[in-house]
Each structure stands twice: as structure tokens, then as C-alpha cells.
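The values are calculated or read from the model by the stated rules, or taken from the named source; none is laboratory data. Keep in mind it's a predicted model, so treat the numbers as computed, not measured. Virtual Cβ from ideal backbone geometry, glycine too; neighbours counted across all protein chains shown. Ligands, DNA and RNA are excluded from the accessible area calculation, which covers all protein heavy atoms including side chains. Shrake-Rupley method; radii C 1.70, N 1.55, O 1.52, S 1.80 Å.
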Amino acid sequence: SLSKLQLKTGDLDPRLFSRLRHLQKLDLSDNLLDKFPNSLTLPDLRVLNCNNNKLEDVTALKQFPLLEELTYENNVYLTLNDDYKVMFLLQNLRLLNGKDITKLANHVRRVNSNKLTSKVTAHWKKFFRDQLPEKYTAEQVKSIKKKFLKSVQTNVVCGPSSLSEFTRWRVKMIAEEFLANSLGLELNSDTESEEKPDENEEESTESPREAAEDVAQVGDFSSYISNVTVTPSKRKRNHSKSSPGNKRSKTQTNTKEEAEEDVSAEPLHFLQCHSKGNSREDFKTQLWSCVFEPVLDSGARKDPIVSSSRTVATCGGESVCLIDCETGTVLKKYKVATEEFFSVAWTTLTMVISDSRKKAHNILAAAGRRGIVKLIHVAADFCYGEIKAHKKPIATVCFSPTQETHLFTASYDKRIALWDIGIPDCDYNFKASQLLVLETASIPLRIALVPTCPEQYLLAGCEDGCFAWNIKLDKGQKSRPFEAIFQFPGEESLTTSHRVDGLAFLNDDVVVSKSSKPGCIYLWSWSKSFDAKGKGCQRTMSAVILAELEWSTTDMSYLTLSTCPAKEYVFCGDEKGSVWMYNLSTYTTAWGSLKGKRSERRISPTQILKWPELRVNGEQPPEILVNNVVADPAFTYLVVLTSVNITAIWKKS
């Protein structure tokens with residue numbers, strides 16, 4: 001009960017309320033509220049009393065979908081129209097201001113909606129359908145949409161004049177859905193209940209529901225990414241047959257033999273959840289990093305078919321999001337208004353939280369332009385600390401697979417630092433300490449720990465080559481130069497070295513690295529290339545090349561690659577929005593037994609997933625670069641991060 005406290009809307013702090021996950025009854029009567037914030041969440045709220053306030057609008061109540069009983073008597077600005085709006089928005093509502101509204105609500109949701117839909121459709125056919133040419137431009141669409149929405153709200157009437165405001169509200173909603181659903185015309189609607197972000201809020205943990213309002217979904221026609229041609233897909237969508245978004249095309253493959261190896265994958269979701277200030281017009285925010293959450297008994301959601309996580313952390317711009325790949329729901333969102341996040345990494349810490357029992361919890365580290373690492377206890381929706389790691393931006397972070405508190409941060413200050421982040425106590429007090437600094441000759445872009453000896457050697461792809469360091473902590477020296485630089489074909493001296501902007505291990509020995517030399521992805525052997533017995537630092541070693549992958553001929557940098565070791569796959573996106581996939585399982589056994597013998601021909605991709613036709617505001621987005629593409633460990637989902645603020649999620653069928 002928060003009754004009679006002189007509360008104003010600004011006093012309802014979303015950061016506090018979003019943590020009340022199990023609250024079922026809330027009394028806000030006899031206060032000074034003029035509206036509800038859009039992001040209180042309260043996912044389990046069943047009973048709400050806001051009598052005797054100054055409420056002017058009820059549409060924000062749609063954020064409480066389980067609400068069964070609602071009272072808002074003596075709010076002088078609310079009318080009969082608002083009663084009808086809440087009956088439509090709240091599908092579980094039984095009692096409104098003490099009266100049973102079950103029958104009336106069913107009528108409003110079904111009969112009234114059907115009548116209005118018929119009238120809206122008829123209005124389009126009679127007055128507007130013939131105005132739209134067979135081939136139309138975005139400008140023509142915009143113009144006709146504007147005229148139609150104005151005309152339909154003026155001319156379509158239903159029921160008594162006392163309900164005209166509700167009727168106009170529903171007619172606009174139905175007309176917008178009709179334009180998108182039946183005709184594939186993109187919508188950019190401004191619904192009354194739209195969230196207006198708090199510009200002054202510098203840091204916030206956003207709730208799942210608030211975050212979901214930022215999201216654009218394929219097939220969700222009230223959103224701002226629609227009219228999608230998906231490729232390849234066997235999944236049925238709710239497009240009508242006349243929709244221009246219904247074309248299908250096959251995935252590009254290389255040969256008949258390789259076509260048999262095709263991975264049948266379908267695009268599930270296209271999300272726009274990293275927008276600056278939640279702007280639906282933001283198609284400029286670059287998305288950089290994504291990592292699947294480790295599976296915990298009580299943590300990440302497991303896919304029912306495979307024992308793998310289906311939740312992924314993504315970052316770009318001012319926000320970090322946690323997404324359920326199956327449903328496309330943004331489960332959590334964390335924002336820092338002055339930050340641009342470049343990298344995220346997970347670890348699992350055994351913590352003592354409240355009842356003195358030890359329990360494993362997933363912790364997310366996020367870092368970027370400010371050189372600060374944010375530490376987030378995801379299950380508690382709580383950023384519990386930060387480490388001021390570098391004075392310049394952090395390009396990438398990664399945790400040790402064997403020491404759960406050891407975090408590596410690679411920065412534009414030409415240093416890679418190793419931190420012990422400690423384990424927070426029940427009050428989230430923690431102590432972080434720097435254990436090691438690795439000096440780099442140029443900016444480190446990607447880092448990878450050697451799987452067979454993750455506490456001894458670290459590899460880094462840098463602006464001017466690929467380097468290795470000895471990171472063993474029993475050595476006295478805290479600041480260390482690199483131990484080896486690897487030379488690749490065509491690099492006769494250090495002056496001809498290339499930027500290495502992609503780096504990952506395919507298995508315990510095979511390294512996959514991508515160079516800025518156009519179309520160049522090498523697979524090479526760590527054990528055959530690195531001479532552990534040699535003495536001294538800064539030695540040049542020739543990378544023993546096992547094979548080269550055929551990839552795009554672009555000279556565009558920073559389109560990184562990833563691997564799925566369990567399935568022996570390599571993934572790399574290109575400058576056209578496509579994802580190149582390489583199934584290398586037929587090669588790895590042979591490489592293990594080779595004496596440095598290299599595959600003669602370049603290995604072609606097993607499959608290329610083409611970017612679907614995707615319309616934004618009636619037009620296709622401009623150049624789409626795939627900055628990163630990552631599969632979960634079991635290769636069920638593929639998450640594609642782009643340069644145009646769109647996260648695409650594919651699922652292997």
C-alpha cells in the first residue's frame with residue numbers, strides 16, 4: 001500500500017518497481033499521479049487501485065497484462081472512453097471500478113473490433129485502393145498512408161457519440177495494422193502509449209517489458225521493422241499472399257556436393273533494441289559483441305531440445321541487452337547514456353547472497369569507449385560495480401576458462417591487462433586487483449587464450465599483426481613484452497604485416513585468423529607454429545598454415561569471425577549482410593596428423609546465408625555490414641550483429 005503519500009508520477013522509480021517481480025496487489029489511491037510511467041514492469045500484478053488521483057491517460061496500464069481488478073474512480077479527467085480502452089488493452093480484466101465487465105469486455109475485444117475492421121477495410125477498398133500504383137515509391141506510400149489514416153478516423157463511426165474518442169483510437173490502430181498486414185506497407189506509427197525515455201537518466205537497468213517496447217520484430221506489424229523477405233525459410237508467416245514481402249529465395253551454395261551439406265536455417269527475429277534514446281529512427285548504432293550466457297541449473301533458459309543456452313548478451317551504442325533467442329524477447333537491458341559498449345563477456349561466480357548458502361551466479365562484464373568495465377549480476381538486475389581499467393577505450397574483454405575471476409581487458413592504450421575481479425559478498429562489496437600488464441606494439445583488437453594452456457599463453461590479433469604472450473603468474477615480472485609475433489604468407493618483414501581483426505580457436509590446436517588483406521582467412525596450427533622451447537622475447541615465428549578459407553574480397557576491416565568448436569564450424573559476416581559458414585569437420589582429423597602439409601586449394605564456404613530483403617520506413621536499409629556473428633555452443637541459434645542497429649537471429653531447423 002502506497003496510499004495517501006502525496007506521490008507524483010516522478011516518485012514511481014522504475015528501477016525500484018521493476019525489481020518487485022512477484023507483487024500482486026498495489027494500492028496507489030489518494031495521491032497526485034497524472035500518469036503511469038511506462039516501465040514499472042510488475043509482471044505479476046493482479047489488483048491495482050488508483051482512486052482519487054489526477055490520471056489523464058490509461059494506455060500505459062497495458063504494461064500489466066495479468067491485471068484482473070482495476071479501480072480508478074474520482075480521476076476527473078478519465079471518461080467512458082478510457083473504460084473501453086482498458087477493456088481492450090487488458091485481456092484478463094474482470095472487475096473495473098467494482099463492476100464485473102467480462103461480457104462487455106468480450107464484446108469490445110471481439111464484436112466491436114470485427115465491426116471496425118470490416119468498416120476500415122471497406123473504406124480502403126472504396127476510396128484508396130485504386131490510388132496506389134502497382135509500383136510505388138516510399139514517398140507515395142507515405143502520402144497515401146497519411147491521407148488514409150486521416151480519412152478513416154474521420155469517416156468510420158460506430159456506436160454512440162460518447163465513445164467517439166475510443167472509436168477513433170481503435171480505428172487508427174486497426175488501419176495501421178491493416179496497412180502493414182494486408183499490404184506490406186511499413187508503419188512508423190506513433191501510438192499514444194509510446195514510451196518517452198527519461199533523457200536525464202544516465203544509468204539504468206531496464207526491465208524486460210520496457211526493453212521489449214524498444215524491439216522491432218518480424219511479423220509484429222506495429223513495430224518499425226516489417227515487410228521482410230526471409231531467406232531461406234520453411235516457416236509460415238502471417239503475410240497475406242499479396243504482400244511483396246512474401247518472396248522466397250534459396251540460400252547461395254557453391255556446388256551440388258556442398259548443397260547437400262546445407263544447414264537448414266531460418267530467420268526468427270530482427271530486433272532493434274540498441275537505439276540511442278530508444279529512437280525508432282536509429283539505424284546508425286553499430287552493434288559489436290555478443291556472447292551466449294553459460295547454462296546454469298537455475299540461470300539461462302535452456303532450449304528444450306538441446307542442452308544449450310538460448311539467452312545471449314549483445315552490446316552496441318549506450319546499451320547492453322539480454323535476449324531470448326527463441327522468443328525474440330529482450331529480457332533485460334542496461335544503459336549508460338555516455339558510454340559506447342564494444343565488448344561483453346560472461347563468467348560464473350559462486351557467491352553467497354542472502355541466506356548464507358553458496359550458489360553459482362552468472363556475471364556479465366561490459367566495456368567500451370570510456371575504458372571502464374561494468375560488472376552486472378544479471379539475475380538480480382543489478383550493476384554492482386565497475387573497474388576503471390584503462391584511460392583509453394577497451395576494444396575487447398574475455399574471462400579465463402579456468403580462473404573464473406580472471407578478466408583480460410585489451411585497450412587502445414596498447415596494453416592488455418589481467419584483472420582479478422574478486423567475488424562480491426552479500427552486500428556486493430568486492431575488491432578488484434590488477435595482476436598483469438601485457439605491452440603491445442599496436443592496438444589489440446581480438447584476444448584468445450590457448451585452450452591447451454589457458455593459464456600460460458594468450459594470443460592477440462592487433463593492428464599490425466598476431467602476437468603471443470606468456471601469462472603465467474608465477475613469473476615475477478608484472479609488465480611483459482610479447483613473446484612471439486607470427487608471420488603469414490606475403491609478410492616478408494614486420495613492415496608488411498597486416499591488421500588481424502578476427503581471431504578464434506577452432507579446436508585445441510587450430511587457430512582461425514582474419515587479416516585485413518582482402519579475402520584472407522587462415523587456419524594454422526598453434527603447436528606447430530609456436531616454439532615454446534626457444535629463448536628470449538619478441539621472436540618472429542612463421543605461422544604453419546593448414547588451409548585458407550575463401551571469403552569476400554572486401555578490404556573492409558573489423559568484420560570479425562567466430563567459431564563453434566563442438567560442431568567444427570567457422571562463421572564470418574561480410575560487407576553485404578551475408579554470413580559465410582564453413583563446416584570443417586572433414587578437414588580437422590587430417591590436419592591433426594599432418595606434418596605441416598597445407599591444403600592446396602582454398603576451402604569454399606559450406607553455405608552463405610544471405611541477408612533478407614528488409615524494409616525500413618518503406619525502404620531497404622543502406623549498406624549492411626555484419627560486424628559479428630556468433631552461434632551458441634550447440635549451434636542451434638546464430639546471432640548476427642550489424643552496422644545498422646539490427647540484430648538478426650537465425651535458428652537451425
Yes or no: Leu26 open to solvent by less than 40 Å² (accessible area, probe 1.4 Å), more than 27 Å from Val156 (Cβ to Cβ) and outside any loop (DSSP other than H, G, I, E, B)?
yes
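Condition check ((1) of a type outside the set (A, V, I, L, M); (2) in the same structural domain as Ala395 (by the TED database); (3) over 28 Å from Cys462 (Cα atoms)) across all residues:
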| position | (1), (2), (3) |
| --- | --- |
| Leu549 | no, yes, no |
| Thr553 | yes, yes, no |
| Thr560 | yes, yes, no |
| Lys576 | yes, yes, no |
| Trp611 | yes, yes, yes |
| Pro621 | yes, yes, yes |
| Thr636 | yes, yes, yes |
| Val640 | no, yes, no |
| Val644 | no, yes, no |
Among the listed residues Leu12, Leu20, Leu32, identify the single one that is of a type in the set (A, V, I, L, M, F, W, C), open to solvent by less than 10 Å² (accessible area, probe 1.4 Å) and free of Cβ contacts under 8 Å to residues at least 60 places away in the same chain.
Leu12
Looking at (1) part of a loop (DSSP other than H, G, I, E, B); (2) at pLDDT below 90, which one does Arg15 not meet, given that it meets all the others?
(1)
From the options Ser162, Ser113, Ser118, residue that is in a helix (DSSP H, G or I), without any contact (Cβ under 8 Å) to a residue 60 or more places away in the chain and small (Gly, Ala, Ser):
Ser118
Note on Ala590: of the conditions (1) farther than 27 Å from Leu638 by Cα; (2) open to solvent by 20 Å² or more (accessible area, probe 1.4 Å); (3) in contact (Cβ under 8 Å) with a residue 40 or more places away in the chain; (4) not in a loop (DSSP other than H, G, I, E, B), unmet is (3)
If Val616 satisfies every condition in (1) surrounded by 18 or more Cβ atoms within 10 Å (Cβ to Cβ); (2) among the aliphatic types (A, V, I, L, M); (3) modelled with pLDDT of 90 or more but one, which is the exception?
(3)
Say we look at region 390-432 and pick out the residues that are assigned to a strand (DSSP E or B) and of a type in the set (D, E, K, R); which of these is least open to solvent (accessible area, probe 1.4 Å)?
Asp420
Elements of type strands (runs of 3 or more DSSP E) contained in region 317-365, each with 1 or more residues being among the basic types (Lys, Arg):
329-336
Mind telling me which of the residues Leu364, Leu375, Leu349 ends up being out of contact with any Phe, Trp or Tyr (no Cβ under 8 Å at 6 or more places or on another chain) and open to solvent by less than 20 Å² (accessible area, probe 1.4 Å)?
Leu349
When only residues in region 619-646 that are aliphatic (A, V, I, L, M) and in a strand (DSSP E or B) count, which is surrounded by the fewest Cβ atoms within 10 Å (Cβ to Cβ)?
Val630
Among the residues of region 64-101, which ones are open to solvent by 60 Å² or more (accessible area, probe 1.4 Å) and assigned to a helix (DSSP H, G or I)?
Leu80
For region 572-587: of the residues being in a loop (DSSP other than H, G, I, E, B) and under 13 Å from Gly519 (Cβ atoms), which is least open to solvent (accessible area, probe 1.4 Å)?
Asp574
Pairs please, first residue from region 377-403 and without any contact (Cβ under 8 Å) to a residue 24 or more places away in the chain, second anywhere and surrounded by 16 or more Cβ atoms within 10 Å (Cβ to Cβ) and assigned to a strand (DSSP E or B), Cβ atoms under 6 Å, 6+ apart in sequence or on different chains.
Glu386/Ile372; Glu386/Lys374; Lys388/Ile372; Lys392/Ser411
